[in-house]
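Reviewing the structure listed below.
Here, each number is a calculation from the coordinates, and none is a lab measurement. A quick note: this is a predicted structure, and the numbers were derived from the prediction, not measured. Because the Cβ atoms are built from the backbone with ideal geometry, glycine has one as well, and the counts that use them run over all protein chains shown.
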Amino acid sequence: MRVLITAGPTREYLDDVRYLSNASSGRMGYALAAAARALCWEVVLVSGPVELRPPAGCEVVNVETTSQMRDACVREFARCDGVIAAAAVCDYKPKERVEGKISKTGGPVTLEMIETDDVLAELGAMKDGRWVMGFALEARNPRENALQKLRRKNCDWILLNAPTAIGSDDNSVELLAPDGGTLADWSGSKSDVAQAIVEWIAARQR
């Protein structure tokens, strides 16, 4: 089994020194990579900027922006059997990046934002027999929004978790199928949850 795993946040720069991002630690994605390696899977880990050591034996592609993550994933997915998309990518970026550093003016600053590349949707569109597992971190109408994301992005399954997962050592996830059914749910340390997820996938790919 060869699997693509995305992890960590992405950054979208306002100018040469400031950026938009989020508090993702990358722990969930790195735990998934470690669990996959424990099953002797080949792992391509596409990682945003985090302060974690990649699990031994992973092929690591370090990226910073959402566009870079998209390019790396599209390139690597073609030689993988599936993807677990655990990264917390920025959904928006400034319409224009300012060269240098934006100076204070004493007044308010208005930013015009545009959507970034939808990495998971692009992988879902090109899966062609590969499996796609996404993550949905939702605060409002969580189950409904997660299922909409699953169907819109052509995932096989989606893992619903809450904003409390960001930066935490623990996680609680619900695995949803396209028909809206709950296939499994796991809680505990991210390492334990990752092991359960990978073992669930392995049982269905034999």
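Using the Cα centre of the stretch 144-206 as the reference point, and only Cβ charges (+1 on K/R, -1 on D/E), how large is the resulting charge dipole? Debye, rounded to the nearest 20. Write out the running numbers ahead of the final one.
Numbers: 7 positive and 9 negative charges, 77 e Å.
It comes to approximately 360 debye.
Size of the chain: Rg and Dmax of its alpha carbons, in Å, are 17.2, 63. The phi-based Karplus calculation (6.51 cos²θ - 1.76 cosθ + 1.60; θ = phi - 60°) puts the 3J(HN,Hα) values of the stretch 72-79 at 5, 5, 4, 5, 7, 5, 4, 10 Hz, whole numbers, x for Gly and Pro.
Peptides 99-105, 179-185, 169-175, 31-37, ordered by how many other C-beta atoms sit within 10 Å of their residues on average, highest first, read 31-37, 169-175, 179-185, 99-105.
Simple point charges give the picture: +1 on the Cβ of Lys and Arg, -1 on the Cβ of Asp and Glu, and for the stretch 54-97 a dipole about the Cα centre of about 180 debye. Based on Cα contacts under 8 Å between residues 6+ apart, the chain shows a relative contact order of 21 percent.
Of all aspartates and glutamates in the structure, the ones whose alpha carbon falls short of 17 Å from that of K104, not counting any fewer than 8 places away in one chain, are D15, D16. Taking a Cβ cut-off of under 10 Å around T116, the surrounding Lys, Arg, Asp and Glu residues balance to a net charge of -3, with basic ones at +1 and acidic ones at -1. The alpha-carbon of K127 sits under 22 angstrom from the alpha-carbons of these lysines, leaving out residues fewer than 8 places away in its chain: K149, K153.
Ordering V98, S25, L45 by Cα displacement along the dipole of the stretch 1-106 toward the positive end leaves S25 in first place; charges were set at the Cβ atoms of Lys, Arg (+1) and Asp, Glu (-1).
A cut-off under 11 angstrom between Cβ atoms defines the neighbours of P49, and their net charge, with Lys, Arg +1 and Asp, Glu -1, is -1.
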